[in-house]
Structures are given as C-alpha cells and as structure tokens.
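Each remark here refers to the structure printed beneath this line.
The values are calculated or read from the model by the stated rules, or taken from the named source; none is laboratory data. Keep in mind the model is a prediction, meaning the values are calculated, not measured. When we count neighbours, we look across all protein chains shown, and the Cβ atoms used for this are built from the backbone with ideal geometry, even at glycine. In case anyone asks, the SASA skips ligands and DNA or RNA and just uses the protein heavy atoms, side chains included. Shrake-Rupley method; radii C 1.70, N 1.55, O 1.52, S 1.80 Å.
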Amino acid sequence: MRMIKFTIAKELSINPSKSDFNKSLLWLRLAIACCLLLFAQVAICSPISKVDTSLYQIKKHIEILCSPDFYGRSPLTGDDKKAAIYIDSIFTAQKLKPYKTVPTTSYKQPFSIVCTTPKSSIITFLGKTYNFGADFITLGTEQVTFNEISVVFGGTGTPEELDIIDLKGKALLILTNNLRVGALNIQDIAKSKDCALVILVNPTKTQQFEQISRQVNVLQFETTYTIANSKKSVLTRSFSPLADPVPQILISNQLAGAILGENPHTVWHRINRGEETRVLPPSLKLGLQFERQIDTINTQNVIGWIPSSNNSHRSIVVCAHFDHLAPQGQDWYPGADDNASGTTLLIELAKRFAAKTKQGVEFKNNIVFAAFSAEEIGLLGSEHYSKNPLFPIDSTIIVLNFDMVGRVGKQDGIEKTLFISGANRIERFSEIALHVNADTSLYIDYKSMADIASYLLSDHYYFELKGIPAYLLTTGLHQEYHTPFDTPDRISYKGINDIINYAQRLIIHLDSNTNQWLKD
Ligand SMILES: [Zn+2]
C-alpha cells in the first residue's frame, strides 16, 4: 500500500499551468499504477489452485509453519518440536536417508542448549556491598565467585612492579589509562603468577566506567545461549584473546578509592612521578558473588540426505533454519519470511531430489538437507552440525544457506532479486551462480551485500569459519523483519518457486562439475 501513496504525492508536485492535460495525464498514470498494483496483489494473494501443485505445496508449508499452533517455532518455548516433526514427516515420506540409523533410525540431530541468565552480582568489601553495573562490571565471559580473596596493589601493572609481588590465588588491582591495552598486557603475567582475579580501574578517565557499564548493563542481564558441553563461554565483552584468561573486572573510581584508601587519581600521578607505590595490608579481602540461573533446553536439527552413487565422502550441504522468535508479551512472531520461506524451499528441494533418485538419477556427492534449529539465539543448530557433521567437514564442497527467500522485491526496477553473500571464493561462486541463472527471471546480486556480509549472521557462518565455501542466499531484509508482521500474506509463493527451480539447477551444476569447482 505504501508504494502507491508515495507515487501520488510525487505526481501531485507537477506545476499548475498545463492543468487540463496534466490532470488527465495524472489520472491516466494513477489508473495504470492501480491496475499494475491490483494485478501484482492479485498475483501474490490470488487463490492458488491445487492444480499448481508446487505453488499450492509452498503455500501450504508456509501457512502451517506460520500457524498459531507453531507459535513462532522457538526452542525457548518448545514450539520448535512441532516444526521438527513436520519436516521429519516429509523427509520420512520422501524416504531420504536419515541422520542416524543406530540405535534407531531418525532424521533428528538432538542437542542441548544452556541458557545462562545472570541474576545478581555483588562485591562485599569492608562490610559494604557494591553492585554490578553501578560499581563494577565483568570484562569477559568468566563469571567467578570468591567468598573472600586477598587484594594486592600492582601499581600500573608493569613487569617491574609485578615481579616483586606474590599474586598466587590473589586479586590484583592495577591502575591503567588505557583499558584495552592494560587488560591485554596484564594477562600473561597474571596467568604466569597464578593470579585469581584482575581488578582494573582507569583513574584518568572517570567517565569511562559509566559509559562501559551502561552498555554492559543492558547485555549482562540478558539470557545468553550456548551449546551444552561446548567450550565456548557466554558471549559478552571479551578483553582477552586468551582461551582461558584470568577473570577481570573493571571497577569504578569510587570502589578503587575505597580499596586504596585514597583517590586513585592521586595515586596514579604519584606513581608516574616515580614516588613510592602503595602496599595494601595483607588482611585486606573482598568477596565477589555472581548469581545466575542456568537452564537447559533440548532441541534438534532435522537432517535427511541423498547418497552419492560412488560412496563418496564429499557433501553438498543445503540448509535453512526453521526456528524463529519466542513470543514477547502479547506478541508472537509467525516468521513467514524468516524463515518459513527457507524451510519450505528446503523441504521442496529435498522432495525433488528424492524424486530424481527414484527416477534413477545419480549424484557424485552426498546431498545433505539440513533444517537447523536455534539460529535466532546464536546460530546454535548450525554450530552443532558443523562440529558433528554427517560427512567429514573438510569434504564439504559447498554450503548453500537459504534464509529469507520469500520476499522477492524490486531492486533498481529489476524483478526478483536474489542476493548472495559469503566470504570464501565468492567471485568464483558468483560466476557459477550467474551462469546457472542464464535463462531465469531472477536477478542474481552478489555485490550489494558484500559490505554488510559480516553483519548478516546466519547459518553459513560456522562453515565459513572453517574455510568452507558457504553462502547466504536471500531476497533481503525488509521492515517486517523480526516483527509480528512477517506474515504469509506478504510472501511471494511464485518467487519461492522460482528460487527453488534455480537452486535445483545450481546444485545439479555443482554436483556434475565438482572437480572443476574444487580445482579453481
Ligand atoms: Zn533468519
């Protein structure tokens, strides 16, 4: 509707002198615009007859996946299960090869998610309580607890200052005028001396603590999600490249003043003038408590595959996430484009390749159809698969990730733009993508998203990190993205069907030209 309103306004800006002719011209244009739009609306929302099976099937998948019964398909509410059963039933009907056969046959690749919700965190010092956010924040992923830990003062944290101090099992307080450098530099010494906690303060920029704590405050109390038993810790601000850094906290100048018994700014200047360094009484201890709620939820990827005809260990991975957002308050999120559209494409592609196999068509590679869960809460399903693949990850010749393919739009007046983005070998892949597109009405755009590729996190990410050619294929973002208005009535079923046809050709081309693709 918006499109039209915009057109009229523009037209009305024509000057009054050539009144009659212009007026009739205006109405003519308006009439044409309305007809065109009506036709388009009719095209998108017109009833799809059962005769046109593929459009009918596409519409059916979208409507079922976006139905209130599926309620956004989020693993946080358990609604992912309904979607998983739905996809599983289709893979079963199509007799795709299952993800596993022992001890029982299943298309499901289950995994658990740890939900960490920090509750409260306090420091107790000399009988007073200091609160997280107001007086201190954590710098990094580690949330440690000390009932009572001795505090030692390390000046500005230079090797000369620290060499003479016993840090074993203690909390080290240092002053730094550059947080990032200070936090990084201190790590090696602290680690080598078995320091248990690093306490940083920047006496030269008193506002800095407030600035950072405002940002972290928002993050810190958010629930974060990681795959169970994965080494990866909760994603917050990390100041240390080390795999297992000494925990670090940043404190306010007020709390530093309480520990030092003097204004840290004065101490800083005295140290820089080369005057004596303050030694804290050995009895000085503080307590640090982190309370957090840990919940575990179980979810699953749904994976089916078509075997190669030559027992190859190579695979082409075609994927799409089927989960979407959990309800918030009164709102729930159908996620028609994000990503019922991609899930639908995946299901229909799997059906077509299963049909080809039944017709005796052979493939040089295994073709894996992976419906990933938990994408919206951290790409967890694809992370889990990339660590537990069906075929050796290094033999994955390509990953095609379809995320939001339901909103074919106009770009620069060109119909049906399919954006492609990815870091590894994008130039070579785009040649193939354009070549395969030779006779379709799709417009393949592998350039526009290049600048924002690193922000477009989706399920190709963890494969990309492993150096595998992994690409996002999407019709792009829109204003209904991650809103309750991402609904089926805005989906172009014909557009999805065109992209399915295109994807089928792309996979067949890559499969029959594997050596060429791998050689280049
Ligand atoms: Zn998505």
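Can you tell me which residue within region 277-331, out of those that are under 24 Å from Glu148 (Cβ atoms) and open to solvent by less than 30 Å² (accessible area, probe 1.4 Å), is nearest to the ligand (Cβ to nearest atom)?
Residue satisfying both the conditions and the ranking: Phe290.
Which number in (1) away from the ligand (no atom under 13 Å from the Cβ); (2) at positive phi; (3) among the small types (Gly, Ala, Ser) marks the one condition that Ala453 misses?
Looking at each condition in turn, Ala453 falls short on (2).
Would you pick out the residues in region 493-520 that are in contact with a strand residue (DSSP E or B) (Cβ under 9 Å, 6 or more places away or on another chain) and hydroxyl-bearing (Ser, Thr, Tyr)?
Tyr502, Thr514 - these are the residues of region 493-520 that are in contact with a strand residue (DSSP E or B) (Cβ under 9 Å, 6 or more places away or on another chain) and hydroxyl-bearing (Ser, Thr, Tyr).
Since Thr357 meets every condition but one in (1) within 13 Å of the ligand (Cβ to nearest atom); (2) of a type in the set (Ser, Thr, Tyr); (3) open to solvent by 20 Å² or more (accessible area, probe 1.4 Å), which condition does it not meet?
(1)
Which one is nearest to the ligand (Cβ to nearest atom), of the residues in region 332-354 that are touching a Leu at 6+ places or on another chain (Cβ under 7 Å) and hydrophobic (A, V, I, L, M, F, W, C)?
For region 332-354, the residue satisfying everything is Ala340.
Need at least 1 residues that are of a type outside the set (Val, Ile, Thr) and surrounded by fewer than 20 Cβ atoms within 10 Å (Cβ to Cβ) per element, so show me which strands (runs of 3 or more DSSP E) inside region 60-178 make the cut, counting only ones lying wholly within it.
Because the criterion is at least 1 residues that are of a type outside the set (Val, Ile, Thr) and surrounded by fewer than 20 Cβ atoms within 10 Å (Cβ to Cβ), the strands (runs of 3 or more DSSP E) in region 60-178 that meet it are 108-125, 128-131, 146-153.
What single numbered condition from (1) surrounded by fewer than 24 Cβ atoms within 10 Å (Cβ to Cβ); (2) of a type outside the set (S, T, N, Q); (3) in a loop (DSSP other than H, G, I, E, B); (4) within 16 Å of the ligand (Cβ to nearest atom) fails to hold for Leu390?
Only one criterion in (1) surrounded by fewer than 24 Cβ atoms within 10 Å (Cβ to Cβ); (2) of a type outside the set (S, T, N, Q); (3) in a loop (DSSP other than H, G, I, E, B); (4) within 16 Å of the ligand (Cβ to nearest atom) is unmet by Leu390, namely (4).
All but one of (1) over 18 Å from the mean Cα position of the chain (by Cα); (2) away from the ligand (no atom under 16 Å from the Cβ) hold for Gln479; which doesn't?
Here Gln479 clears every test but (2).
Working only within region 362-378, note down all residues that are closer than 18 Å to Ile347 by Cβ and either within 12 Å of the ligand (Cβ to nearest atom) or not in a strand (DSSP E or B) (or both).
Phe372, Ser373, Glu375
How many of the residues making up region 432-472 are of a type in the set (D, E, K, R) and over 28 Å from Pro389 (Cα atoms)?
Filtering region 432-472 for residues of a type in the set (D, E, K, R) gives 439, 445, 447, 451, 459, 464, 466.
Then keep just the ones that are over 28 Å from Pro389 (Cα atoms); that gives 439, 445, 447, 451.
Of the residues in that region, 4 qualify.
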